[in-house]
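Chemist: One structure is given below, represented as structure tokens, and several questions about it will come after.
The values are calculated or read from the model by the stated rules, or taken from the named source; none is laboratory data. Here the structure is a predicted model, which is why all the values come from computation and not from measurement. Backbone-built Cβ (ideal geometry, glycine too); neighbour counts: all protein chains shown. Accessible surface is based on the protein model in full, side chains and every heavy atom, while ligands, DNA and RNA are left aside. Shrake-Rupley method; radii C 1.70, N 1.55, O 1.52, S 1.80 Å.
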Amino acid sequence: MTKKEVNEYLKQFAEERDYKADKFTEEGYGQTIGAYHEEAKKCGIIKPTQKWHFTESYFNYISNIDNKPTYYQLHCPELMIWIAEVAGLNGSMIDETINFIKKYEDERNMKCKNKDGIFFAPIEPVIKDMLRMSDINHIISESGCWEDVVNKVSKLKFRNVPATFKAYAIINDWGDEECDDISELYYKKIAKLLNEFEVIEPYEYDQYGITPETDFHELMDIHIKYNRVSKSVVNKLEKLLDEKIYPLGAEYGFLGDLIIEVFYERVQWYF
């Protein structure tokens with residue numbers, strides 16, 4: 001679909017309902033002053049919805065409307081939330097993103113205050129990662145109609161770890177001194193493999209015979225046996241750990257700790 005086709009469809013067929021993105025701004029979060037709000041006032045609109053923001057305000061400013069969408073370049077949190085919402089992203093994933101942004105604003109006492117895109121820049125990579133914006137952008141670009149978009153986006157699941165090192169570093173409050181090219185290179189490799197897993201949840205442990213004594217290789221075999229991941233992915237993960245990540249030493253121990261975060265923290269919590 002092109003930018004124009006997406007806009008024409010959503011302008012005509014996106015439901016007029018209570019979107020989480022609209023409630024988010026009504027509560028004072030996101031951009032609630034200036035920018036498109038001032039533009040809306042000039043049009044006689046007191047409370048602009050994100051549907052209006054997207055199909056009217058935003059669309060009037062974009063170029064090359066016959067090209068594929070590039071929504072991953074957006075910086076406005078509520079507009080990203082609305083796109084994910086109307087595209088069919090799992091509601092729990094949207095709720096988690098909203099709660100993350102609210103916490104960020106509350107900690108800085110910025111609710112109901114003037115915030116431009118720069119305010120959200122420090123957490124923008126996390127917002128986009130949580131909302132799967134790169135995946136949604138790709139799906140929209142490659143789909144022939146919005147029904148296909150919703151069908152594919154609705155199947156996107158929570159990631160086991162953030163897809164990007166930048167998002168992971170922000171979540172963990174790391175400074176520039178803790179971020180280097182090696183960390184980014186190997187984080188990307190291990191995250192890609194870990195996100196291939198449909199991780200067995202604690203309530204399933206008894207069913208699959210998982211105990212506190214179940215070691216890593218046994219866990220991998222159980223995931224393979226019950227079709228939670230392919231043997232190929234496990235082989236690549238084990239090879240990456242043994243040949244590349246573990247030899248890096250303690251300085252890069254957080255990469256190995258990702259295994260603990262994804263698998264063993266659940267085991268420890270459950271038992």
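Chemist: Kindly evaluate Thr97 against the criterion of being open to solvent by 50 Å² or more (accessible area, probe 1.4 Å), out of contact with any His (no Cβ under 8 Å at 6 or more places or on another chain), touching a residue at least 24 places away in the same chain (Cβ under 8 Å) and of a type in the set (S, T, N, Q).
Modeler: No, not satisfied.
Chemist: Could you count how many residues in segment 227-250 are surrounded by 13 or more Cβ atoms within 10 Å (Cβ to Cβ) and either within 20 Å of Glu265 (Cβ to Cβ) or of a type in the set (A, V, I, L, M) (or both)?
Modeler: Matching residues across segment 227-250 total 11.
Chemist: Say we look at segment 199-226 and pick out the residues that are open to solvent by 60 Å² or more (accessible area, probe 1.4 Å) and either out of contact with any helix residue (DSSP H, G or I) (no Cβ under 9 Å at 6 or more places or on another chain) or among the aromatic types (Phe, Trp, Tyr) (or both); which of these is farthest from Lys155 (Cα to Cα)?
Modeler: Result: Glu213.
Chemist: If you go through segment 122-169, how many residues are of a type in the set (Gly, Ala, Ser) and closer than 19 Å to Lys103 by Cβ?
Modeler: Residues meeting the conditions: 2.
Chemist: Among the numbered criteria (1) open to solvent by less than 60 Å² (accessible area, probe 1.4 Å); (2) more than 18 Å from the chain's Cα centre (by Cα); (3) closer than 16 Å to Gln31 by Cβ; (4) not basic (Lys, Arg), which single criterion is violated by Trp146?
Modeler: Tallying (1) open to solvent by less than 60 Å² (accessible area, probe 1.4 Å); (2) more than 18 Å from the chain's Cα centre (by Cα); (3) closer than 16 Å to Gln31 by Cβ; (4) not basic (Lys, Arg), Trp146 fails exactly one: (3).
Chemist: Go through segment 104-131 and report how many residues are among the β-branched types (Val, Ile, Thr) and either over 16 Å from Gln31 (Cβ atoms) or open to solvent by 80 Å² or more (accessible area, probe 1.4 Å) (or both).
Modeler: 2
Chemist: Every residue in segment 158-189 that is in contact (Cβ under 8 Å) with a residue 40 or more places away in the chain, within 18 Å of the chain's Cα centre (by Cα) and in a helix (DSSP H, G or I), please.
Modeler: Result: Lys166, Ala167, Ile170, Ile171, Tyr187, Lys189.
Chemist: With the checklist (1) open to solvent by 60 Å² or more (accessible area, probe 1.4 Å); (2) at pLDDT below 95; (3) part of a loop (DSSP other than H, G, I, E, B); (4) of a type outside the set (A, V, I, L, M, F, W, C) in hand, flag the one item Lys155 doesn't pass.
Modeler: (2)
Chemist: Look through segment 55-94, keep the residues that are closer than 25 Å to Ile33 by Cβ and acidic (Asp, Glu), and return whichever of them is surrounded by the fewest Cβ atoms within 10 Å (Cβ to Cβ).
Modeler: Per the criteria, the residue is Glu56.
Chemist: In segment 11-43, which residue that is modelled with pLDDT of 95 or more and of a type in the set (Phe, Trp, Tyr) is surrounded by the fewest Cβ atoms within 10 Å (Cβ to Cβ)?
Modeler: Of everything passing the filter in segment 11-43, Tyr19 is surrounded by the fewest Cβ atoms within 10 Å (Cβ to Cβ).
Chemist: Exactly one condition in (1) β-branched (Val, Ile, Thr); (2) surrounded by fewer than 21 Cβ atoms within 10 Å (Cβ to Cβ); (3) under 26 Å from Phe13 (Cβ atoms) is not met by Ile139; state its number.
Modeler: Only one criterion in (1) β-branched (Val, Ile, Thr); (2) surrounded by fewer than 21 Cβ atoms within 10 Å (Cβ to Cβ); (3) under 26 Å from Phe13 (Cβ atoms) is unmet by Ile139, namely (2).
Chemist: Against the definition (surrounded by 12 or more Cβ atoms within 10 Å (Cβ to Cβ), under 30 Å from Ile140 (Cα atoms) and in contact with a helix residue (DSSP H, G or I) (Cβ under 9 Å, 6 or more places away or on another chain)), how does Glu196 come out, yes or no?
Modeler: In short, yes.
Chemist: Quick check on segment 44-79: of everything there that is among the acidic types (Asp, Glu) and over 24 Å from the mean Cα position of the chain (by Cα), which residue is nearest to Phe119 (Cα to Cα)?
Modeler: In this case the residue turns out to be Glu56.
Chemist: Now a separate question. Residues that are hydrophobic (A, V, I, L, M, F, W, C), at least 1 per element: which helices (runs of 4 or more DSSP H) completely within segment 193-271 meet that?
Modeler: Values: elements: 205-208, 216-225, 231-240, 253-259, 265-270.
Qualifying helices (runs of 4 or more DSSP H): 216-225, 231-240, 253-259, 265-270.
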